[in-house]
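Colleague: Let me give you the structure first, and then I'll get to my questions.
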Amino acid sequence: MQFHLEDMTCGGCANSVTKALQTVDSKAVVSADPAKRQVVIDTSASEASLRAALEEAGYPATTAAA
């Protein structure tokens, strides 16, 4: 699953995004790229639950082009 996060602009943001996503699935493999403002998640969690976690952390997500 891949999202575009307009507000993820630095490494600290990427760490916050990773932690937020791992609250939904602690075993999720998260690859955050602040330069591209994209995050790729390998998880079995639902898209809705991931979006909710990102929103709560202050990083509203839009679906990124694959």
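Colleague: Tally Lys and Arg at +1 and Asp and Glu at -1 over the other residues with C-beta under 13 Å from the C-beta of Ala53: what net charge comes out?
Modeller: Values: positive: Lys19, Arg51; negative: Asp25, Glu47, Glu55, Glu56.
Taking every Cβ under 13 Å from that of Ala53, the sum is -2.
Colleague: Work out from phi, with θ = phi - 60° and the Karplus expression 6.51 cos²θ - 1.76 cosθ + 1.60, the ³J(HN,Hα) of each residue of segment 15-32, listed in order in whole Hz, and give x for Gly and Pro.
Modeller: Result, rounded to whole Hz: 5, 5, 4, 4, 4, 4, 5, 6, 6, 7, 9, 5, 9, 4, 9, 10, 10, 9.
Colleague: Within the accessible area of the chain, what % is carbon and sulfur when the probe is 1.4 Å and the other protein chains stay in place? Mind showing how you got there, number by number?
Modeller: Working: 1890 of 3780 Å².
C and S atoms contribute 50 percent here.
Colleague: Of the candidates Ala32, Ala52, Ala14, which one comes out as most mobile in a Gaussian network treatment of the chain with C-alpha springs shorter than 10 Å?
Modeller: Maximum fluctuation in the GNM of the chain, among the listed residues, is at Ala52.
Colleague: Going through the chain, which trypsin sites (Lys or Arg not before Pro) have at most 10 other Cβ atoms within 10 Å and a DSSP loop state?
Modeller: Working: sites: Lys19, Lys27, Lys36, Arg37, Arg51; in loops: Lys27, Lys36, Arg37.
Those that pass, being in a loop and sparsely packed, are Lys27.
Colleague: Over the chain, average the accessible area per residue using a 1.4 Å probe and give it in Å², no decimals.
Modeller: Working: 3780 Å² over 66 residues.
Value for the chain: 57 Å² per residue.
Colleague: Here's something else I'd like to know. Counting Lys and Arg as +1 and Asp and Glu as -1, what is the net charge of the other residues whose Cβ lies under 14 Å from the Cβ of Ala20? Spell out each step's value before the answer.
Modeller: Working: positive: Lys19, Arg51; negative: Asp7, Asp25, Glu55, Glu56.
That works out to -2.
Colleague: Where does the chain land on the Kirkwood hydrodynamic radius, alpha-carbon pairs, in angstrom? Don't skip to the answer; put the middle values down first.
Modeller: Details: mean 1/r = 0.0891 Å⁻¹.
For the chain, inverting the mean 1/r across all distinct Cα pairs yields 11.2 Å.
Colleague: Check each of the GluC sites (Glu not before Pro) in the chain and keep only those in coil by DSSP with at most 15 other C-beta atoms within 10 angstrom; list them in order. Working shown, then result.
Modeller: On the way: sites: Glu6, Glu47, Glu55, Glu56; in loops: Glu6.
Qualifying residues, ordered by number: Glu6.
Colleague: With +1 on each Lys and Arg Cβ and -1 on each Asp and Glu Cβ, and nothing else charged, work out how big the dipole of the chain is about its Cα centre, in Debye to the nearest 20.
Modeller: Working: 5 positive and 8 negative charges, 26 e Å.
The calculated dipole for the chain is roughly 120 debye.
Colleague: A further question on this structure: If each of Glu47 and Ser31 carries a label point 7 Å out from its Cα toward its Cβ, how far apart are those two points in nm?
Modeller: With each label placed 7 Å out from Cα toward Cβ, I get 2.0 nm.
The values are calculated or read from the model by the stated rules, or taken from the named source; none is laboratory data. No experiment lies behind these values; they were computed from the predicted model shown. Counting neighbours? That spans all protein chains shown, and the Cβs are built from the backbone with ideal geometry, glycine included. Side chains included, ligands, DNA and RNA excluded: accessible areas come from the protein's heavy atoms. Shrake-Rupley method; radii C 1.70, N 1.55, O 1.52, S 1.80 Å.
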